[in-house]
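Asks: Below you'll find the structure I mean.
Just so you know, all these numbers are worked out from the coordinates, no wet-lab data involved. Please read these numbers as outputs of a predicted model, since none were measured by experiment. Note: ideal-geometry Cβ built from the backbone for every residue, glycine included; neighbour counts use all protein chains shown.
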Amino acid sequence: MVAYLKGIADSSILLVLAHGYLYWRLVHCTTADRRRRLVLGACLGAAAALAVATNAFSRLLPVSVAQWAAWPGYLWWALAFYLTIALVLLEIPRAVLRLRRRAKQKTGQETKQKTAVLVAAGGPPEETVAGEPKPEPEVGRRQVLARSFALAAGVVSASTVAYGVESALGPPQVTRYDVPLAGLSPSLSGLRIATVADIHACAFHRRPHVERMVRMINDTRPDVVAVVGDLADGTVEQLGDDVTPLRELRSTYGSYFVTGNHEYYAQVGDWLKLLRRLDVRPLLNERVGIGGAGGFDLAGVNDLSATGSGQPGPDVGQALAGRDPARPVVLMAHQPAMVDEAARHRVDLLLAGHTHGGQMQPLGLLKRLQGPSVSGWSTVEDTRMYVTRGVGTFGPPVRVGAAPELTVMDLRPGGAR
């Protein structure tokens, strides 16, 4: 919970700082009228307060209220994010134009100095051509430029957010891979794992979101369903009904779950009890055998954030203790940061989520600094890891450059251990 509150505080501070910059570029630089600045500044301040309040308190509202009340604040949050990026990028052409203007001013000053010398020597002064318009004041040109840049940034940002909402609320992409697994029996070739992460049932992702996901998973005819954490953003009392469609998941060997960080923000024990009633088995630093002889071990570990809530943290050693080392092992772990520990235990395949693929690019570039992978495949020593982008969102219901994803893997014998 401490990490959750810290995240809320950090994002709120960034929102306030971003709005300070937006005031400078969208208000101060576009108008010289004091009254207009006050009115526009007050509107921007109210929008900032709405975004911060939505970020901090929307999860405390009844879900039936939040699904409507949270929209304005989160949409403005996303719009402010992309406005800030667009305006920062426009600082480059702005700087180029400023340098050109200063170069022209310097040339003009040198010309005036030469003219003054000629006049002092008795030469004729330059005269203004009759009818020539007076030069436009410098402040007027700056305001026109500032307004043009503000308009361009607004159009690009609004279009980006509109696209992002459609992507976030639309059906997830289904990505398919053939994955070699050393030691897998040829009789089990084609055994299919459907992986889903970051469902994030919440005000924006209600029961229909989960129902659609379940239908899409069942349509792939999986042998195993792996649910890799962050099921919901709230308590069972708030959102339990929204996730009950998980009961309809169909597979040969069952559905399995590992905790994500968000489970520990909302009474993790209640969620684990509900999942068991829905026929989804939590793997809490434990494993199950899949496929009998010639099959593989499917293991799962608790999320890294568990210890902050007084719960047992991830323990790959405990999950794999006593297993036959000749059998391949597939590990479910919510956060990609577990890959080094998985590699130390010679895990063949790690399934992870958590990152949302960056959710709102270019955030993915920042997430790359925090972990080994943001999405897709990577390898550490002999362990291959796949980070799925997940199907839900956290914060604004917006996905840009990180479409929601269901991952389907057909296991094949092969590879080396």
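Asks: Which of the listed residues, P245, Y256, L331, is farthest toward the dipole's positive end in region 174-413, when Lys, Arg count +1 and Asp, Glu count -1 at the beta-carbon?
Replies: Result: P245.
Asks: What FRET efficiency comes out for the pair A337/V155, r = Cβ-Cβ distance, R0 = 35 Å, nearest 0.05? Could the numbers behind the result be given before it?
Replies: Numbers: r = 39 Å, r/R0 = 1.10.
That pair, A337 with V155, gives E of 0.35.
Asks: Reported to two decimal places, what Rg/Rh ratio describes region 174-413 when computed on Cα atoms with Rh from the Kirkwood expression? Show your work: numbers first, answer last.
Replies: Working: Rg = 16.4 Å, Rh = 17.6 Å.
Answer for region 174-413: 0.93.
Asks: Right, next: Using label points projected 7 Å from each Cα along Cα→Cβ, tell me how many nm separate A9 and E381, to one decimal.
Replies: Using points 7 Å along Cα→Cβ, the separation is 3.7 nm.
Asks: I would also like to ask the following. Which whole-number percent is the relative contact order of the chain (Cα, under 8 Å, 6+ apart)? Please report the intermediate quantities before stating the final value.
Replies: Working: 768 pairs, mean separation 79.4, N = 417.
For the chain, the relative contact order is 19 percent.
Asks: For a quick check, take a GNM of the chain with Cα springs below 10 Å and name the residue from D242, D270, D33 with the largest mean-square fluctuation.
Replies: Most flexible of the set in this elastic network: D33.
Asks: Suppose the Debye formula is applied to equal point scatterers at every Cα of region 174-286; what is log10 I(q)/I(0) at q = 0.19, 0.22 Å⁻¹?
Replies: The Cα Debye sum returns log10 ratios of -0.97, -1.24.
Asks: Suppose R0 equals 25 Å. What FRET efficiency, 1/(1 + (r/R0)^6) with r the Cβ-Cβ distance, do D410 and Q173 give to the nearest 0.05? The partial results should precede the final answer.
Replies: On the way: r = 17 Å, r/R0 = 0.68.
Here the calculated transfer efficiency is 0.90.
Asks: Pairwise over distinct Cα atoms, reciprocal of the mean inverse distance: report the Kirkwood radius of the chain in Å, one decimal place. The partial results should precede the final answer.
Replies: Details: mean 1/r = 0.0409 Å⁻¹.
Result for the chain stands at 24.4 Å.
Asks: Could you give the length gained on full extension between H345 and A49, defined as 0.36 nm per residue of separation minus the Cα-Cα distance, in nm?
Replies: Numbers: separation 296, 0.36 × 296 = 106.56 nm, distance 4.80 nm.
Value of the extension gain: 101.8 nm.
Asks: A further question on this structure: Mind giving me the nanometre distance, one decimal, between the label points for R34 and V288, set 7 Å out from Cα along Cα→Cβ?
Replies: Here the modelled spin labels are 7.2 nm apart.
Asks: Also: Dipole magnitude of the chain about its Cα centre, charges +1 at Lys/Arg Cβ and -1 at Asp/Glu Cβ only, in debye to the nearest 20?
Replies: Working: 45 positive and 36 negative charges, 312 e Å.
That gives a dipole near 1500 debye.
Asks: With 10 angstrom as the radius, rank W76, W271 by how many other C-beta atoms surround their C-beta, starting from the fewest.
Replies: Working: W76 21, W271 24.
In order of increasing Cβ crowding within 10 Å: W76, W271.
Asks: Could you line up V329, V214, V96 from fewest to most neighbouring Cβ atoms inside 10 Å? Show your work: numbers first, answer last.
Replies: Details: V329 25, V214 20, V96 10.
Ordered by Cβ neighbours within 10 Å, fewest first: V96, V214, V329.
Asks: Another question, then. When a footprinting reagent is the concern and you count Cβ atoms within 10 Å, what order do M332, M216 take, fewest first?
Replies: Details: M332 27, M216 18.
If I rank by nearby Cβ atoms, fewest first, I get M216, M332.
Asks: Test of understanding: extend the Cα→C-beta vector of R147 to 7 Å, then name every residue of region 11-52 with backbone N under 17 Å from that spot.
Replies: 25-41
Asks: F57 to L97: extension gain in nm, 0.36 nm per residue of separation minus the Cα-Cα distance?
Replies: On the way: separation 40, 0.36 × 40 = 14.40 nm, distance 4.32 nm.
Length gained, F57 through L97: 10.1 nm.
Asks: Ok, one more. Is it possible to state the helix-based mean residue ellipticity at 222 nm for the chain, with each DSSP H run of 4+ residues giving -39500 (n - 2.57), the sum divided by total residues, to the nearest 500 deg cm²/dmol? What is it? Before the final figure, lay out each step's value.
Replies: Values: 11 runs with 182 residues, N = 417.
Helices in the chain give a 222 nm mean residue ellipticity of -14500 deg cm²/dmol.
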